[in-house]
Amino acid sequence: MAEGEAVLSALKAGALLHVGARASVQFGQPFNFRLIRVLDWVTYDGWVWLDGYQLNDRGEAAGLRMGAVAIPRRRAAKQRTAPDRAT
């Protein structure tokens, strides 16, 4: 199972997510999100459409939100090279 598929299979109705700009630029201000469903709409590779509720500070539904978000993926660490030392 590919890493993106593993993330998608973990997304179930009722899941609590923290959504922010790393998920999509449309969510510049981070917020908590209660998932209703993952939509099967076509979008970019590595992205998925989510439907759910934005939660207020008390954890109550404050508004219905829908949007395409990037599926989190691990990034390879940058290789650090030792600086050249003159002898």
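The values are calculated or read from the model by the stated rules, or taken from the named source; none is laboratory data. Since this is a predicted model, take the numbers as computed values, not measurements. Here the Cβ is made from the backbone with ideal geometry for all residues, glycine too, and neighbour counts use every protein chain on show.
Numbers below:
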read-out: Residue within region 29-38 that is part of a loop (DSSP other than H, G, I, E, B) and modelled with pLDDT under 90 present; value: yes
read-out: Filter result for the condition that a residue is within 21 Å of Ser9 (Cβ to Cβ) and acidic (Asp, Glu), over Asp51, Asp57; value: Asp51
read-out: Residue pairs meeting the criteria (Cβ under 9 Å; at least 6 apart or on separate chains; first closer than 16 Å to Arg34 by Cα, in region 60-73; second modelled with pLDDT under 95 and among the β-branched types (Val, Ile, Thr)); value: Arg65/Val19; Gly67/Val19; Ala68/Thr43; Ala68/Val48; Val69/Val19; Val69/Val48
read-out: Residue that is farthest from Ala62 (Cα to Cα), among those in region 1-17 that are exposed (fewer than 11 other Cβ atoms within 10 Å of the Cβ) and modelled with pLDDT of 85 or more; value: Lys12
